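Worksheet: one structure, shown below.
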Amino acid sequence: MDAELILTVLELVNETLTATIVIVAVSILLYNLTQYTRDRVTRASAIVLLCVMLAYLADVVISLEPGEEFLAFWLRFQWIGIAFVPAALFHLSDALLATTGRPSRGRRKRVVYFSYVLSLAFTLTAAFSDALIKGPHTNGIVRMKPGPVFAVYVAYLLVIAITSMINVVRARRRCLTRYTRRRMTYLLVVFLTPAYGIFPYSLLFGGVSDNSKAPLLVVLNLANLIVMLMLVFMAYPLSFFGSEKPDRVVKSQLLEFILRGPLTGAVVMAVVLFLPGTSNVLGLDGETLLPFAAVTTVLVMQWSITRFLPVIERWLIYTQEQQQAEWLQGLGERLLTEADAAQLLESMLAALCDHLRVPTAFVAKIERNEVQLVQAIGSMIPSPEALTAPELSALTSDNADDHKQLNQVDGFFLWNSYWLVPLRSKHAASNGALPPLLGILGVWGRAPEPNLDDDETMVYESMVRQITQVLEDLQRQSQIFIVLEGLASQMDVMQQLRGVSRYGQVAALPAPAADLTSDPQFTEMVKDALRDYWGGPKLTESELLHLNVVWHEMEDGDNNTPVRALRNVLARAIENLKPEGERSLTTAEWILYNILEMRFLQGRKVRDVALRLAMSESDLYRKQRIAIEEVARQIEDMERDLLANHDTAPGSR
């Protein structure tokens, strides 16, 4: 290998590493800004990364030989990053120290402002005069020469760097746990990487001869490689600041981002720079092959990351909790949502109709002794009103005498033009009674009485088992969702505590709001919470969770989550509106309670409630609005009574 080829390879490696540093800096900058823009450390680190990006971006452009008229511009342009990096590092060190519970009393803040002003002065000096730098000079290597003010910049950089390191050491001492102290140690090791990575060393040396160019490129390549690795290493501890997510989630997201972003970009950049230099690849020159090679590289990288990322995560992240982590990762894929269940039931019913040669089949579920249509196919589907028929509702009873309201033949119930089969859980009740009823499977009766042959009976029984399993899984997972929704707000609180106390600060649980009932939107909050009474974001993220009466309910009762406590408070407010005496569906004094109880506690549809209460839907909506206002008034009274009986809110003790 001749000297010219070695020099060409070293130059290509230098260009690749320089471009890769820009890619890494931009990628980590975008990642941090996407995740935690409100955190001081994130904002300060973004400025540091921006300085690195600007300095190395200028190096990339210079390596492309922009021409004599633009060369001086880019050599001076990179001083935006070089001049501002000391101020950005001190800003970052101040933010780290403040995050660990040592905020500035004014002195550090003034130093931050002064350093940014001084950096701006150096930038303007480099851009519009030769006092800081002068040139350019192109004898052997493109560079500038130092001016009389350059020594002042070096002294400024050294003072700021030493002071910043002292701040980071102080921040490390204030970390509470061994994990945070270890991460702060990592950050301490690589903290000055941006400063010495973009420092203009070429100003300290004279010209470069052809004989010394190769050794210099080797040194530059090693330095660029170290800077690139240090930036990636620096991203790890910085990714935890401002995050309220568990550490394993932060690590997993950062790992995937680095693999799909900077690593993929660096590999593609290497292909783009090296391939054109090849003279012949399978009969094609490198320039012709370049577009296909770049696309192939991206596809192969993404496929490889998707294929091997779980293995890498188990090796690097989930080393001590692999089984539990794998279960959590696969939980979302295994859970059956209502949409998933509806799609699965639709395919089962279609297969059943094809095999039995009938036009219609349906599945209805039983909830709170009511029959509700889940899925149906065909043109002769029973209406929701028909499913509320007394003889059909009798199937929900465990009393065998109630079932006599329908004719029964060979295990099928005959209802209108359908053959019905009750779907019961495969798990028997603990008291020896029949297994709980999950739903009803109905198929269009092709004859007055069931006339299935042996093959059809086998298929039908198989479908009954499968549909029963789907309904049972859906019922169990609905209970899981309710529990998870109840835990969601409590988990948010714990994540906030984790994010705040991770680096030395200690915070108490958030105190409930004492004046929420005076909010003009209070009734609307109650309305939204009632609409999602059995689960939904308007309940789990409701402002009503901060009510004192909710926290009192959570502390003094069996409702150990805020959402469950809020649901109990809403139910108690509705119960307070219940008139005395025997319930009536037509008496005026029972109207408001009946609407609230049927619409929200039972979860009935508007049409069903209007039909049962013998009123129009428009009249129902009008009375429902009045009923919700009464519920809000009841909660307001409960809140006021609680505050009157206690000097301080129980939730804030």
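Values in this text are rule-based calculations from the coordinates and carry no lab data. In this text, all values refer to a predicted model and were calculated from it rather than measured experimentally. As a convention, Cβ positions derive from the backbone with ideal geometry for all residues, glycine included, and neighbour counts pool all protein chains shown.
Note on the range 516-652: Rg/Rh from Cα positions, Kirkwood definition for Rh, rounded to two decimals, is 0.99. Within a straight-line Cα-Cα reach of under 18 Å, Lys578 can be paired with the following lysines, leaving aside sequence neighbours fewer than 8 residues apart in one chain: Lys623. Residues Trp315, Trp551, Trp415, Trp534 in ascending order of nearby Cβ atoms (within 10 Å, fewest first): Trp315, Trp534, Trp415, Trp551. Residues Ser425, Ser119, Ser93, Ser462, ranked from the fewest to the most other C-beta atoms within 10 Å, line up as Ser462, Ser425, Ser119, Ser93. Farthest toward the dipole's positive end in the range 516-652, which of Gly603, Ser542, Ala565, given Cβ charges of +1 (Lys, Arg) and -1 (Asp, Glu) about the Cα centre? About the Cα centre, the residue reaching furthest to the positive side is Gly603. Annotation: lysines with alpha-carbon distance below 29 angstrom to Lys109 (same-chain offsets under eight excluded): none found.
Note on Val9/Arg105: beta-carbon distance plugged into 1/(1 + (r/R0)^6) with R0 of 51 Å gives a FRET efficiency of 0.40. One chain, two ends: Lys578 and Glu69. Fully extended at 0.36 nm per residue, the span grows by 174.6 nm beyond their Cα-Cα distance.
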